[in-house]
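What follows is calculated from the coordinates using simple rules that are stated; it is not laboratory data. These numbers come from a predicted model, not from an experiment. Because the Cβ atoms are built from the backbone with ideal geometry, glycine has one as well, and the counts that use them run over all protein chains shown.
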Amino acid sequence: MTYAVRTGQEAFAHRYGQHHFTYFAEHPELGGRFHRAMAASAEMFTPVPDLVDFSGVRRVVDVGGGNGALLGRVLRSHGHVEGVLLERPEALEAARSELADLTGRCTFAAGDFTESVPEGGDVYLLSRVLHDWDDERCVTILQRCAEAMREGSQLLVVERLLPGNTAAAWDVHMLCNVGGREREEAHYGRLLEGAGFKPTACHALPLGASLLHAVRG
Ligand SMILES: C[S@@+](CC[C@H](N)C(=O)[O-])C[C@H]1O[C@@H](n2cnc3c(N)ncnc32)[C@H](O)[C@@H]1O
C-alpha cells in the first residue's frame, strides 16, 4: 500500500512483476481463490433481476462475468432469457460450474473485452469490471461494448460508488491490486457518455453497491 500511495501506481505489479489477472492465470490456485472471494459478495446481485424489465429481452451478455453469479440470477429469474458469458479463458471453468444447471441456455466465450465483445445481446452486464481499470481502459472496454450493441440496447454496470461507507477503502484496495479505482456516479456518467451511452438510472444494491443503467445511443 505504501508503494501505491506514494506513486499512484499498482503495487501488485511492482511486487509480483505482472498484472494481477495475468499473474493469477499462471497461478490457478490463486485464481480459484479470487473467484470464490468475488462470489462471497454475490448477495449484492439479488435485486438486479427485478430492477430491470427483462420481459422483452432475449439475450444477456455478461462481459467479464467472473463465476457467473450475476448472469445466473438473471437467467434463473427470467426463464425466456439466454446468456453469453465472456471471460478470460482460465476463468471459464468457475463459470461453467456455477451455471451447470443452465446448460442449453448459456454459452461461454473465451476472449478479451479490450478487443471485442459478443454481438447480439439486448442487455449487457459489466459488473465490477470498470473499477479494475483507469479511465482510458474503461472507455476502451465501453467502446467495445458499444460496437457490439445496437441502438437502444441496455448496459447495466455494477460498482461501488464514491462517496460511500466502504468505497474509499475499496478505492485504495483497487489501486494497490490492479491499478484501478472507485468512482463517483457522475464520473461513471462521463465515461459512459464518452463511449456513446446515455445514463438513465442508478439503483442502490446490497453491500454498498449500485446498479447504473444506461442505453446505447
Ligand atoms: C473483479 S472481477 C468481476 C467478476 C464478475 N463480473 C463479478 O462481478 O463478480 C473482473 C473480471 O474481469 C475478468 N477480466 C479481466 N480482464 C479481462 C479481459 N481482458 N477480458 C475478459 N475478461 C477479463 C477477470 O477474469 C475477472 O473475472
*Which angle between 0 and 90 degrees, to the nearest 10, do you get for helix 167-178 versus the longest principal axis of the chain when only C-alpha atoms count?*
80 degrees
*Amide N of the stretch 44-63 lying under 18 Å from the label point, which is placed 7 angstrom from the Cα of Asp101 along Cα→Cβ*: 44-50
*asked:* Could you derive backbone 3J(HN,Hα) for the stretch 15-21 from the dihedral phi with the Karplus parameters 6.51, -1.76 and 1.60 (θ = phi - 60°), listing whole Hz in sequence and x where the residue is Gly or Pro?
replied: 7, 10, x, 7, 5, 2, 6
*Given Leu70, Gly120, His20, which one lies farthest toward the positive end of the charge dipole of the chain, if we put +1 on the Cβ of every Lys and Arg and -1 on the Cβ of every Asp and Glu?*
Leu70
*Note the angle between two axes, namely the Cα long axis of helix 28-39 and the longest principal axis of the Cα atoms of the chain, as a number of degrees from 0 to 90, rounded to the nearest 10.*
60 degrees
*How far apart, in nm, are two points set 7 Å out from the Cα along the Cα-to-Cβ line at Val5 and at Glu184?*
2.3 nm
*Which distance in Å, rounded to a whole number, links the C-alpha centroids of the stretch 94-126 and the stretch 162-217?*
22 Å
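Please work out how much length the chain gains when fully extended from Leu162 to Thr140, using 0.36 nm per residue of separation minus the C-alpha to C-alpha distance, in nm with one decimal.
Numbers: separation 22, 0.36 × 22 = 7.92 nm, distance 2.21 nm.
Between Leu162 and Thr140, full extension yields 5.7 nm more.
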*Where the centre of each part is set by its Cα atoms, how far does the stretch 132-155 sit from the stretch 1-63, in angstrom?*
17 Å
